[in-house]
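Visitor: Structure provided below as structure tokens; questions to follow.
The values are calculated or read from the model by the stated rules, or taken from the named source; none is laboratory data. Here the structure is a predicted model, which is why all the values come from computation and not from measurement. For neighbour counting, all protein chains shown are included, and Cβ atoms are generated from backbone atoms with ideal geometry for every residue, glycine included. The protein model used for the area step is the full one, side chains on, heavy atoms only, and it has no ligands, DNA or RNA in it. Shrake-Rupley method; radii C 1.70, N 1.55, O 1.52, S 1.80 Å.
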Amino acid sequence: MGRAAPANGFLRAIERLAAVACFLCDGTRGPPPAPADLLARTYYRALSLRPDGTRALSFEIDGLAASELRLVDHRLTRAAGDAQPPLVLANTALGQVEWARDGRAAFVLRAPPQAEVWIAPDDEPPRLALFPDASRGAFDLFWRARADGDELLVLHVVEGPGYRTAQLARADLATQELGETLLDFGRLTVEDARLSPDGRTLALIATEQPTGAPEGEPLDLFVADLATGALRRLTDGRGIAGRPAFSADSRQLHCVWWSARTLLEPGKRDLLRFDLGNGFCRNLTREAPLSLGDGVNGFRERLCVDAHGAIAAVTQHGLADHVARIEPEGRGGAPPMVRFVHDALESWQHLDVASDGTFLAVVSGPGRPEQLVTGSSRDWVAMPLSARNAALAQRPLARGERLAFALAGAVGDAVGDAVGDGAPRAVSGAAAHGEALWLTPDSPAPWPTIVLLHGGSNGRATARFNDGYAEAFVAAGFAVCAPNLRGSAGYSQPFGEANRGDFGGRELDDLDALAATLVARGLADPRRLYLLGHSYGAFLAELALTRSDRFAAASATAGVSDWRRFEATSDLPQLARLGLGGPVEEAGERYDARSPLHQLATLRAPLLLFHGGRDRRVPLEQSVLLERALRAAGRPCELVIEHSEGHSFRDRNAILRWIDGTVAWFHRHRK
């Protein structure tokens with residue numbers, strides 16, 4: 001399909017410029033947003049771009065606790081108003097979206113044990129494609145090109161007494177039933193799949209021995225021949241594969257490969273390319289100082305392969321989430337070239353790239369709510385496609401920047417960063433400085449300051465809008481500093497592994513150095529310097545109060561106070577063994593030394609505790625025991641139990657109570 005006529009292109013340009021004007025407003029109208037306003041904004045769950053770049057689908061929710069998903073149809077080459085009205089869907093568990101050659105999109109809504117298969121035609125309202133009984137076990141689907149038109153294939157689970165199997169079957173859209181079964185994968189548990197452009201090969205991310213363990217398990221890359229049913233494993237069972245993507249000619253297959261057997265183990269996430277003709281495998285990012293991915297496990301973002309074999313993918317890059325472009329073949333046999341196409345303090349998500357180079361993504365950053373953007377991968381200049389969240393963007397929001405601070409001792413190799421041409425480069429020697437996100441309100445320094453500690457332990461602070469609900473605390477008048485201490489993801493592999501066996505050790509020295517920096521630079525009010533953390537960050541906050549007198553108070557949610565009890569009762573006991581040098585039988589002294597419950601003699605500052613009553617990761621007793629001990633010792637402490645919540649709070653009202661309670665606690669306490 002050709003590009004739009006100039007008139008329509010002009011109208012579309014006017015629409016985008018209007019959206020730009022909304023988002024570039026100076027943000028001085030109205031009061032700062034209340035926490036409820038921040039939670040009520042539009043979130044994007046998924047995006048999908050038609051391969052020819054003419055149409056896009058966005059799947060949106062309004063508010064974190066939304067139970068409905070809004071499907072919005074965007075026509076990138078027509079005047080505004082030509083698309084179908086938004087469709088409200090009854091659940092938010094979305095599978096991947098696939099496109100037929102005639103412009104139809106198909107997708108799965110998964111809410112086990114039920115699933116729904118939908119089709120969104122080019123010029124008709126979306127509709128259910130299969131009867132409920134036929135779509136019950138569906139979890140993936142694909143369009144396969146045929147001479148008489150594209151056919152829809154559905155990957156679904158069939159269960160019965162004593163067995164469970166994944167099958168690939170044809171969908172009969174006329175009868176709305178499943179037809180012929182093409183492949184049966186036996187007891188292979190399939191996590192992800194992609195069909196080759198020529199329709200002959202199905203790539204699978206799967207395991208032959210599923211455990212369902214919370215720490216994850218090895219996942220391999222398989223290929224299945226749809227003509228013969230032959231199944232071949234391409235990886236060796238010693239790592240975790242994810243996000244398969246074929247080349248345009250179907251001859252090559254790419255995947256992310258994590259050289260670890262569980263999500264807790266150290267390892268670099270690389271990009272592998274397999275030649276399906278000769279079986280040759282090449283690691284395209286072995287020498288590049290980056291670990292491909294956007295989160296702790298790094299498998300949420302798709303790999304986008306263009307007609308020339310170059311791959312674009314969002315990957316963590318310090319505080320930012322940037323697009324990395326990987327050229328598989330350098331000139332004259334040179335090694336693959338990897339470069340970041342951005343260096344701004346911002347986060348890209350849900351990237352999709354069409355065959356004509358059009359891209360679609362969601363971009364956010366400090367003081368910049370999530371924004372749907374499009375543009376060309378020739379220059380990666382992002383233009384707004386929608387005015388969602390524009391009203392929030394006009395409110396007074398945080399001012400954000402990177403803040404460097406001296407580490408308490410060098411750590412491994414320095415972070416690979418975008419320098420000049422955007423190529424990732426590792427600084428020789430050891431990292432001497434850490435990096436933090438620094439957010440400030442519209443008031444003069446020094447500010448009452450919250451140091452926001454991320455979970456993990458191998459998590460990271462990011463530049464995403466309201467990450468860790470930081471914007472809510474800025475709106476309440478606090479500055480927020482979100483550091484990536486040693487052990488954080490997004491930097492070099494040695495940096496990310498620097499706290500293994502040393503949980504609560506040198507990273508607390510880094511934290512103390514950061515606090516000293518904030519005060520010495522005149523940024524933080526030394527009488528109103530606070531700690532806030534969730535999960536691993538809560539553990540660090542609790543332990544920091546036993547090591548340092550710099551902090552006036554702390555708020556800790558779902559923190560570990562006793563590592564011995566954690567190893568005995570958590571659904572993830574391996575975390576204690578990884579972080580403290582072995583099982584409790586071998587490292588008991590370190591377990592006690594790094595447990596806040598056993599260091600109360602030196603804990604002086606007031607401590608506010610929050611915990612979910614259904615938390616299996618860090619059981620509720622961790623906060624109950626700490627609160628009892630502090631009260632018995634006459635130390636100021638309060639415990640708030642959210643009985644219906646798990647490890648992370650999901651309910652909107654529970655989140656608001658946590659924010660309001662923390663703000664009130666900090667206002668009550670200063671040195």
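Visitor: I'd like the distance between the alpha-carbon centres of the stretch 560-625 and the stretch 348-399, rounded to an integer number of Å.
Guide: 41
Visitor: Per residue, what volume in Å³ does the Cα convex hull of the stretch 272-386 take up? If you can, show how the numbers build up before the last one.
Guide: Working: hull volume 14.0 nm³, N = 115.
Output value, Cα hull per residue: 122 Å³.
Visitor: Just order 392-403, 523-534 by mean Cβ neighbour count inside 10 Å, highest at the front, would you? Walk me through the intermediate numbers first.
Guide: Working: 392-403: 19.4, 523-534: 22.6.
Result, highest mean first: 523-534, 392-403.
Visitor: What net charge is computed for the residues neighbouring ALA248, neighbours being all others with C-beta under 11 Å from the C-beta of ALA248, Lys and Arg scored +1, Asp and Glu -1?
Guide: Details: positive: ARG251; negative: ASP198, ASP249, ASP306.
Overall, the nearby charge balance is -2.
Visitor: Near ASP512, within a Cβ-to-Cβ distance under 12 Å, what is the net charge of the other residues, with Lys and Arg +1 and Asp and Glu -1?
Guide: Values: positive: ARG506, ARG547, ARG550; negative: GLU507, ASP509, ASP510, ASP549.
After counting each charged neighbour, the total is -1.
Visitor: Could you tell me the calculated FRET efficiency between ALA307 and THR228, based on Cβ-Cβ distance and R0 = 30 angstrom, to the nearest 0.05? Before the final figure, lay out each step's value.
Guide: On the way: r = 29 Å, r/R0 = 0.95.
With a Förster radius of 30 Å, E is 0.55.
Visitor: Along the charge dipole of the chain, which of LEU532, VAL190, LEU345 sits closest to the positive end, that is, farthest toward it, with unit charges on the beta carbon of Lys, Arg, Asp and Glu (+1, +1, -1, -1)?
Guide: So the residue furthest toward the plus end is LEU532.
Visitor: Which of the listed residues, ALA558, LEU226, PHE473, is farthest toward the dipole's positive end in the chain, when Lys, Arg count +1 and Asp, Glu count -1 at the beta-carbon?
Guide: PHE473
Visitor: Another question, then. Do the sum for the chain: with -39,500 (n - 2.57) for every DSSP H run of n ≥ 4, divided by all residues, what is the mean residue ellipticity at 222 nm, to the nearest 500 deg cm²/dmol? Write down the numbers at each step before the final one.
Guide: On the way: 13 runs with 121 residues, N = 671.
So the calculated ellipticity at 222 nm is -5000 deg cm²/dmol.
Visitor: Ignoring any ligand, DNA or RNA, what whole percent of the accessible area of the chain comes from carbon and sulfur when the probe is 1.4 angstrom? Let's see the in-between values first.
Guide: Numbers: 13470 of 26890 Å².
Solvent-exposed carbon and sulfur of the chain make up 50 percent of the total.
Visitor: About the Cα centre, and with charges only on the beta carbon of Lys, Arg (+1) and Asp, Glu (-1), how big is the dipole of the stretch 85-181? Nearest 20 debye, please. If you can, show how the numbers build up before the last one.
Guide: Working: 9 positive and 15 negative charges, 64 e Å.
The calculated dipole for the stretch 85-181 is roughly 300 debye.
Visitor: Moving on to the next point. Rounded to the nearest 20 Debye, what is the dipole magnitude of the chain about its Cα centre when Lys and Arg each give +1 and Asp and Glu each give -1 at the C-beta? Each step should come with its number before you reach the end.
Guide: Values: 74 positive and 83 negative charges, 280 e Å.
Value, rounded to 20: 1340 debye.
Visitor: A follow-up question, please. On a C-alpha basis, how far is the centre of the stretch 89-148 from the centre of the stretch 234-270 in Å? Whole number, if you could?
Guide: 27
Visitor: So, one more: Would you work out which of THR201, ALA93, GLY582 lies farthest towards the positive end of the dipole of the chain? Charges go on Cβ: Lys and Arg +1, Asp and Glu -1.
Guide: Checked the options; the winner is GLY582.
Visitor: Additional query: Quick one: net charge around ALA476, please, counting Lys, Arg +1 and Asp, Glu -1 for every other residue with C-beta under 13 Å from its C-beta. Walk me through the intermediate numbers first.
Guide: On the way: positive: ARG528; negative: ASP37, ASP442, GLU471, ASP660.
With Lys, Arg at +1 and Asp, Glu at -1, the net is -3.
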